[in-house]
Amino acid sequence: MQGGVVVGVSFAYLGILFAIAYYGEKRAEQGRSLTNNPYIYTLSIAVYCTSWTFYGSVGRAAKTGLDFLPIYLGPTLVFVVWSMVLIKIIRICKVHRITSIADFISSRYGKNFALGSLVTIIAVIGTTPYISLQLKSIATSFNLLIGFQNPELPIYGNPFGIDTTLVVAIALALFAILFGTRHIESSEHHEGLVAAIAFESLVKLFAFLAVGFFVTFGVFSGFGDLFYQAQAHGLTQLYVVSADNDYGQWITMTLLSMAAILFLPRQFYMSAVENRDETHLRTAAWLFPLYLLVINVFVLPIAISGKLAFAGTANDADMFVLTVPIHYGQSELALFAYIGGLSAATSMVIVASIALSTMVCNNLVMPLLLRWKLVNLSESGDLSSLLLTIRRVSIPIILLLGYGYFRIASESYSLVTIGLVSFTAAAQFAPAIIGGLFWRGGSSTGALTGLSLGFLVWLYTLLLPSFAQSGWLPLNFISDGLFGIAWLKPYALFGLEGFDNLSHALFWSMFANIGGYVVVSLRGELSPIERIQGRHFVDVYDDTLGQNDSRSWQGSVTIASLQELVGRFVGPERAQNGFLAYAARQNFTLKGDEIADSNLLANAESMLSGAIGSATARVIIGSMIKGENVSMNEVYQLLDETTQVIEYSRMLEVKSAELEETSLKLQQANKRLKEFDSLKDDFLSTISRELRTPLTSIRAFGEILLEGQNTSDKERQQFLGIITKESERLTRLIDQILDLAKMEAGRMDWSMSNVDPTSTIEEALAAVDGLIKEHNIKLILDLDKSLPAVRADHDQLVQVVINVVSNAIKFCNHPGGIIRVSSRPGDNGLLVEISDNGSGILPEHRDFIFEKFHQSRRGSNQMPIGTGLGLAICRQIISFFEGNIWADNGEDGGAVISFEVPFAR
Amino acid sequence: MTYSVLVAEDEPNIVLSLQFLMKQAGFSVRVAEDGDRAIREIEQQLPDAVLLDIMLPKRDGFSVCEAIKGNPAWSSIKVIILTAKSREIDKQRALGLGADAYITKPFSTRDLVARVSELLQPNEQ
């Protein structure tokens, strides 16, 4: 076929595309959108099927049989099963006006510049092999077609006197520039482009089907005949699933293609950014898998027919779609097939280069220009021409990169392998995006770390080896590892062998990527903006976030006032940066005295929301806009008050917490007071009773004696004795009550000194000596005379011994009482034990005998009646000396009262 | 006839004074030092009156009073509470249980004897 014809048809085809795009844009301007329907949307997503599909699938099928299928299995799975991920991405893109995958990731992680740049760089480098693949296929098919008579013509046919591939690259660059960068779109939708891409999807489908029909029904007489012939020539291994084939790679390829349909920059651009209506996805969910199925139906037949037609020759299976019609003399069909391949390749190159150039411009170059102050936003006027220039320059650079890779590497690789290298690069975006969609804890440093690590592993395990295999790097880099270190072999990193190259690269890059992302995210703190964006992305369906409806703001506030307003809350610097970044993203210039448009107001509101909550932010923006008669000063006053109110309410919150605590304490105190009160009541009524008892006897006998009637002298003597004893008892009682009250209230005057235990005990025993002798009690002393001094009040310690010994006198046997007093060093100082030979203490009394007014009635009638306070006073005294007093029963069953007092230091 | 009085009291000197006073008034006197013994004394032989302390060991005066007044065979026994508990609430409780008199310690000997006599011999006044 004449080269001129082919060139002419090619440019005519591109012309038609251009016309369609132009028509699409006109329709959009008239408000009669061509692309706002689910079928066009589905066809535009079919940009997934590139020349790799068109030519490469057949090539792959001819070599390894059904291995081409996983590439279409992944997308089918995503659309059928996992479309909720895509829907969420689409929603977020709409709400946040996302323009690219770099924009998406950087916006998700706090509008992080570094992250956007990194994603852009990865996308450009990762897409380069893919673009080179398209260039290769166009050039090869072109050369094959003009070398009609001789399919074995060298690929670098030279019809123009220069490399065909370079010509193709230049032509496509020009076309992409014309297509995508004529003017800056006011919205993120490019209707003309979408219409043209959808048209291309139809062309490549029909072209492929045409070749398929010809092969199946023209060359062979239907599928039955075809597969019969294949069987006859021993080609069954191409389509019979058997254990001989290596299907381990299937999982890898399915995973890769799942990531690719979502995260290849051009796929993201087409399916998320250019989406007009979320409901279109419902149609795409079945139609797109169907498209993939249909375009794959004839892959095997064409592969088989090619194998049969070119049996024995070294014909490139990647070109069977073209060479089979040529072989059978079908020049028109061959031309149609060429156009189909061209449409597949151009659609990919155009969309990819436009998407990438937007990213390069918005996420890499513009932020740098702004950062380096090469562009002064407040002064320079229309920036759109600068933006267009950046994009126009970046498109040829991207295509030339693709050409460069083609020259370096694509010689030694098949189409499919090159495509998979690109897929693996796109898969690096998966953790940051999917994590960012469902996990609020992901941080920008985490995403940066994960992406960087994953990308580096990708470079090392896939891209560099492809250079090495082409001879651009020494081959022993692959066989021996970097610097000859075996652990650094790019296909067997850290000694991991047994995987195919692709699975190996995917494993290590994902390991590094996910690991870096999760670990760094978990270790770091989220900044406020990261937290806000995380919430906006993860909870994008949460209507209370109020992103959408805020667009309706209409007002007459100048940008400068708006910025000042935002600055009052988020700080002037952050307000400035936020407004500049917003302006850069939206491609307009900030002019302070201009009226802020609704988008800027919405942006200001979302910035304010981060500082004071969305409800308040809304109220403030609303009052600013609606209150025309409210002067700015009043608004500011309101704002200052608001700030104060916020501060005040924060203080109130603290105060209220304190109050709650205080109130709780008060309640407890009150409860204790009530308990004290009832204890005091009990105490007073007990004292009253204890005082009344001796008084009763005194009064009764007093009155009896006063009456003087019928009393003998003996009785009179007895009664007088009782009156005396009861009076003494009353005195003792009053003294002890006063002592105890003083001790309990802490008002006792103690004179603490170093007291010698032995002399103190002896002194106390001397005081009760009369009583002991009176009752014929045997006193046994067992005193350690070498004991050191104790810290005590001497008189009170004497009192303790007297009280305890008096107690023992009362309860020892009568007659034949024995009391033993011993002293020795104990665990905590001086230990004194006073035991008697009485009947001991009842177990139920043991815990109470040191309580006030606990009285055992078993005392002898001969004894002075106790007050019930003696032991209680002992406990008070001993505890003041920081000692212990306790009661027990001895081995002989008698009571033992023991106390300890610490030695003086 | 001679009325019999049971003194239920644990404080020895008060028992002594009550014994003296009741004998002098012409009554026969028995003594119980705790609540259980008081009940046993009553079971053995019904007294005409009981001088009953409240803070008795083993079984308190309230319970003894309740046992007496709750038993139809015993309810004719006059119960004179003799206690150091001076609170109105205790007095109301005792009267609620059917006590015939409530006298707080220390008491006037003349009033006590008059009160017991009045309860035992209402018509002889």
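Nothing in this text is a laboratory measurement; each read-out follows from the coordinates by a stated rule. All values derive from a computational prediction rather than experimental measurement. So basically every Cβ, Gly included, is an ideal-geometry build from the backbone, and we count neighbours across all protein chains shown.
In square nanometres, what is one fourth of the surface area of the convex hull spanned by the alpha carbons of region A:260-324? The partial results should precede the final answer.
On the way: hull surface 23.6 nm².
For region A:260-324, averaging the hull's shadow over all directions gives 5.9 nm².
So which of A:Lys26/A:Lys94; A:Lys773/B:Lys105; A:Lys810/A:Lys852; A:Lys26/A:Lys591; A:Lys671/B:Lys105 end up more than 27 Å apart by C-alpha?
On the way: A:Lys26/A:Lys94 23 Å; A:Lys773/B:Lys105 36 Å; A:Lys810/A:Lys852 18 Å; A:Lys26/A:Lys591 31 Å; A:Lys671/B:Lys105 34 Å.
Pairs exceeding the cut-off: A:Lys773/B:Lys105; A:Lys26/A:Lys591; A:Lys671/B:Lys105.
Between A:Ser688 and A:Glu660, what is the FRET efficiency for a Förster distance of 41 Å, r being their Cβ-Cβ separation, to the nearest 0.05? Could the numbers behind the result be given before it?
Working: r = 42 Å, r/R0 = 1.02.
E(calc), rounded to 0.05, equals 0.45.
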If the chain between A:Arg531 and A:Trp886 were fully extended at 0.36 nm per residue, the gain over the current Cα-Cα distance would be 121.4 nm
Mean residue ellipticity (222 nm) of chain B, computed from DSSP H runs ≥ 4 via -39,500 (n - 2.57), nearest 500
-12500 deg cm²/dmol
What is the fewest-to-most order of A:Glu900, A:Glu763 by other Cβ atoms lying within 10 Å of their Cβ?
A:Glu763, A:Glu900
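For the pair A:Lys671 and B:Ile89, what calculated FRET efficiency results from E = 1/(1 + (r/R0)^6), where r is the Cβ-Cβ distance and R0 = 22 Å, to the nearest 0.05?
0.45
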If each residue's Cβ is checked for other Cβ atoms within 10 Å, how do A:Ser353, A:Ser656, A:Ser835, A:Ser141 rank with the fewest at the top?
A:Ser656, A:Ser835, A:Ser141, A:Ser353
Full extension between A:Ser598 and A:Tyr648 adds, at 0.36 nm per residue less the Cα distance, a length in nm of 14.8 nm
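Would you please give the FRET efficiency between A:Ile780 and A:Arg747, computed as 1/(1 + (r/R0)^6) with r the Cβ-Cβ distance and R0 = 30 Å, to the nearest 0.05?
Values: r = 39 Å, r/R0 = 1.28.
E(calc), rounded to 0.05, equals 0.20.
What is region B:4-120's relative contact order, in percent, from Cα pairs under 8 angstrom and six or more apart in sequence? Don't jump to the answer; show the numbers that get you there.
Working: 192 pairs, mean separation 27.1, N = 117.
Here the relative contact order equals 23 percent.
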Taking the alpha-carbon centroid of each part, what is the distance from region A:739-757 to region A:33-98 in angstrom?
94
Can you tell me which aspartates and glutamates have their Cα less than 15 Å from the Cα of A:Lys88? Leave out same-chain residues fewer than eight positions away.
A:Glu274, A:Asp277, A:Glu278, A:Asp539, A:Asp542, A:Asp543
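What average count of beta carbons from other chains do you get within 10 Å of the Cβ of residues in B:8-21?
Numbers: counts 0, 1, 2, 7, 5, 16, 8, 1, 7, 11, 2, 0, 8, 4.
If you average over the peptide's residues, the count of other-chain Cβ atoms is 5.
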Between A:Ala232 and A:Leu771, what is 0.36 nm times their sequence separation minus the Cα-Cα distance? Round to one decimal in nm.
180.7 nm
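Answer rounded, prolate or oblate for region B:4-120, using the Cα gyration tensor with square roots of eigenvalues a ≥ b ≥ c: rounded when a/c is under 1.5, else prolate when a/b is larger than b/c, else oblate. Write out the running numbers ahead of the final one.
Numbers: a/c = 1.25, a/b = 1.07, b/c = 1.17.
Taking the square roots of the gyration eigenvalues as a ≥ b ≥ c, region B:4-120 is rounded.
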What is region A:783-852's relative contact order, in percent, from Cα pairs under 8 angstrom and six or more apart in sequence?
31
Under the √(5λ) rule applied to the eigenvalues of the Cα gyration tensor, what semi-axes describe the equivalent ellipsoid of region A:1-155? Give them in Å, descending.
34, 23, 18
What percent do you get for the relative contact order of region A:631-748 when only Cα pairs under 8 Å and 6+ apart count?
21
What ranking do A:745-757, A:117-129, A:812-824 get when scored by the average of other Cβ atoms within 10 Å per residue, highest first?
A:117-129, A:812-824, A:745-757
Two pseudo-spin positions, 7 Å from Cα along C-beta at A:Val85 and at B:Glu118, lie apart in nanometres by 10.3
